[in-house]
Each structure stands twice: as structure tokens, then as C-alpha cells.
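Only one structure is covered here, and it is reproduced in the block below.
Rule-based calculations on the coordinates, nothing more; no lab input. Since the structure is predicted, the reported quantities are computational estimates derived from the model, not experimental observations. Every residue, glycine as well, gets a Cβ built from its backbone with ideal geometry; the counts of neighbours run over all protein chains shown.
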Amino acid sequence: MSSVKTRKLDISTILAVDKAQTGSGATGPPVVGSAIIREIQPAGVGSSVSFSSNVRTLRQMNDIQFNSLNITLSGTPNWTITIPTEGTYSFYARSMFLIYRPSSNYLIGANSKLFIRNETLGLDNWIVGDSIINQYRLVDDSGPNNICVELNGIQTITTPTTISLRQVCNANAGIPVLTGGGAVNILSSPEVYATLQITRIA
Amino acid sequence: MSIVKTQLGSQESQTAVLRETTAFGVPSTITFPADTDNIRVSRNINDIQYNTLGITVESPNFTIPGSGTFEIVARSNFSATWQVVTTSGSWGVVKSRLYLRNETDNLNNVLIGDSCFGEQMQIDVNSRVLPTQGVAPLTGVFTQSKTTTYSLQQICNTQFQNVRVPPLYPAKSGGTPISTSSTDPEYYVNVKITKISTAT
């Protein structure tokens, strides 16, 4: 015979439990593993990344702003990111490309896309980002312009996994110079040209 | 009673989405100095879209109660109306960055956003200088050990070359209405804050 006891809950009891779970009480929020990884340069210094047509170019992730996932970075020359623990992760990435006109082209433009490559499994298109087109007509000359590219996705890993953030940037008009981002040089703050946010969700 | 659960636990995620909003068709009330660089301007956070964090808004600031570790993802608009008449070889662009400032402890650079450029100054077929716009993003994690008030601050600097002398600087603002046929409010700033740990 079952010895399970039932308890009738009224709405005030439910609300009290809810308050305990959602307030700043003893229970608190679920602890979420998270990491913020960036490509940075000193103030006034442009990105070291340069693009060639249809080449999945590595973003040079060289800075960890926050890390409760025990992620490690390889640094140059591979610029990989290793996630040590199996689980399901949400990935959000954002990066720049700089476009400007080196000579007399009245029209320049570029297409770009961001990728997360699973280096462990050799999967180029593990996560594929948004399709970004930048194209504009110029009157006579072109200064620099930073364009933002984004990526969102969720993947599950079952073993420690190494990934890289890669970007393709192709000219679609004229012969623009394309790099990984131009400096804004504001208040001596380090330049941020790419950001990868990794959050463990399961 | 609505409870949002994560797969990592049974408790509700503590998160909030804050915005800077105006009525339909109304530009952002934020302006940036036209001819002076590096001026931090607080975005006018004045709307709470979702809030299980207990955040309170006292425009332009907002206060996060208690202690913990928080993840923030913010996007902030800006626009420029160019006053210059361009000459051969001229161009102009607005460069912008977003900052999370701790008002309680007077810390300017709790977090700093991306190195962002707005659209380049353009001229249409009728030789009109077109308004330009951009979005400054910021992503990061920060901790606080006590209830803390923050502001989201933005800098918009102008860079241009070979314009009429003396240069006529563009009027820079926090965003222009999109002028759709709907009557939805305009949103110029979006901030999502999630508590990811009680630890500091």
C-alpha cells in the first residue's frame, strides 16, 4: 500500500514557493555556465585579420572576458577554443569586417558570413551565421566602414571539443580592402572586433 | 503564474529586458554633441519588457538588487544627419561604443562594447546627403556584491575627410523612427540581463 501523502496547496502556498524560487532568497537562480571570448587589440590598432576570397579565415580570439566553463584558448596560430565538458551549449557570435576603397572604384561592397568550425570532428559548417551583404554607391571616395556579422546556434558535444570562429568575407563589387575591423580609438579603450558568447543550457 | 525553467535546474531564470522607447514616429530623445568627441551620454532606459530580476528603472538609470553574476547583451541605435556638402574625395562616418557604467561606485567601464562604425555618409542621385545609422553592441559578464545602480552610456564620435571648411558637423542622435505603417512604439535600445550565478 502506498504511503505517499498528498498535500493540498492553496494559491498562497504556491506563490510563496514561487517567490522563494525566483527572488533573491536561498534558492536563487540556476547556476549557468558561461564564457565570453573576444578578439581584441589595443586602442587605435586595427584587427590583424585579413580576408581572401572564399577562405574561412580564423578570427583571432585572444581574450577571455568571463569564463565559468573552464574554456581554454590556443592563441596564435590556430586560435582555437576548447570546451572541456560535454553538454548542450548555446553559441552567439558577432564580428566585424572593415571595408574601404583603396583606389578609384565608384562602387564597392562585400558579402560576409560567420562560421563555427568543429575542429575536433572536422566540421566546417557546425554552426553557420547570418548572410550579410554590404554594398553602397560612393560619390568619389570611401572612408573606412565596420560592418557587423552575427551567428546564433545550439549544439551538443559528448566529449571535450575544440572549435574555431571563422569568417568568410568576399568582395561583391569593386576591389575593396577587407580586414577584420578598423579601430574606433575612443578613450583609450581596447578595440573589440569579435565576441563569442557560449552558454551551457543542458 | 508563469515559470520559465532552464534545463539546468527547476528554478526560474532570473532575467530582464530593458528598453529605451518612444511613441510611434518619435525620434530618440538622446543627442550627442555635434562637434565634441568622447562625450559619454546615458541612454534613456525607460521601459521594462520583462523582469524576474527585480530590476527597477529610474530613467536613465536602472538598479539591480542583491548580489550575483550577471550576463548582459545590449544593442543601442544611433543616427547622424549630415550637414556637410561634400567635395571631391570626401567621406564621413560616426564611430560609437557602448559602456556599462556603475553609478553607485562611480565606475565608468564595467563593460565596454564593440568597436562600431555607423553607415558611411552617402549621397543619392540628387546629390542629397542621406542620414545614416548604426547599432552599437555590447556583450559581457559582470558581478556585483550589493544592490547597484547602472547606466548604459554611449559615445558617438565623428570622423570625416575633405569636407567643406570649416566642417559642418552632423547632428547625432540616439535613433530615428522607422516610419512603418504600424503604430508600434519605437525602440532604440534593448538590454537583456540574466543572472547566471549567485556567486560574486
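Rank the residues A:Ser112, B:Ser96 as a footprinting-exposure proxy: fewest other Cβ atoms within 10 Å of their Cβ go first.
Fewest-to-most ranking of A:Ser112, B:Ser96: A:Ser112, B:Ser96.
For region A:193-200, what does the Karplus curve 6.51 cos²θ - 1.76 cosθ + 1.60, with θ = phi - 60°, yield as ³J(HN,Hα) per residue in whole Hz, taken in order and with x for Gly and Pro? Each residue of region A:193-200 in turn: 10, 8, 9, 10, 10, 10, 10, 7 Hz.
Of the GluC sites (Glu not before Pro) in region B:16-76, not one is in a loop by DSSP (not H, G, I, E or B) with at most 11 other beta carbons within 10 Å.
Residue separation of A:Asn125 and A:Asn170 scaled by 0.36 nm, minus their Cα-Cα distance, works out to 14.5 nm of gained length. Among A:Arg94, B:Arg43, B:Arg128, sorting on how many other beta-carbon atoms sit within 10 Å of each Cβ, with the fewest leading, yields B:Arg128, A:Arg94, B:Arg43. Enter the Cα centre distance for the pair region A:163-182 and region B:50-69, rounded to the nearest angstrom. Centre-to-centre distance over Cα atoms comes out at 39 Å. Going from the residue with the fewest nearby Cβ atoms within 10 Å to the one with the most, A:Lys113, B:Lys146, B:Lys172 rank B:Lys146, A:Lys113, B:Lys172. Taken one residue at a time, the phi angles of region B:129-146 give Karplus couplings (6.51, -1.76, 1.60, θ = phi - 60°) of 7, 8, x, 10, 8, x, 10, 9, x, 8, 9, x, 10, 9, 10, 9, 9, 7 Hz. Gly and Pro are set to x. In this structure, A:Ile133 and B:Lys146 have a Cβ-Cβ separation that, at R0 = 41 Å, corresponds to a calculated FRET efficiency of about 0.30. In this structure, the amide hydrogen of A:Gly46, modeled 1.01 Å from its nitrogen in the peptide plane, lies closer than 5 angstrom to those of A:Ala183, counting only residues at least 5 positions away or on a different chain.
Across peptide A:179-186, the average count of Cβ atoms from other chains found within 10 Å of a residue's Cβ is 5.
A cut-off of 5 Å between modelled amide H atoms, ignoring neighbours fewer than 5 places along the same chain, links B:Gln14 with B:Lys195. Given a Förster distance of 25 Å, report the FRET efficiency between B:Thr56 and B:Gln133 from their Cβ-Cβ distance, rounded to the nearest 0.05. Efficiency, from the Cβ-Cβ distance: 0.25. For A:Ile108, the residues whose modelled amide H falls within less than 5 Å of its own, excluding neighbours fewer than 5 places apart on the same chain, are A:Tyr136, A:Leu138. Length gained on full extension, B:Asp105 to B:Gln159: 16.2 nm, using 0.36 nm per residue less the C-alpha separation.
Computed 3J(HN,Hα) for region B:183-200, one whole-Hz value per residue from the Karplus formula 6.51 cos²θ - 1.76 cosθ + 1.60 where θ = phi - 60°, is 10, 5, x, 8, 10, 10, 9, 10, 10, 10, 10, 10, 7, 9, 6, 7, 6, 10, glycine and proline marked x. Considering only Cα atoms, the convex hull volume of region A:120-202 works out to 144 Å³ per residue.
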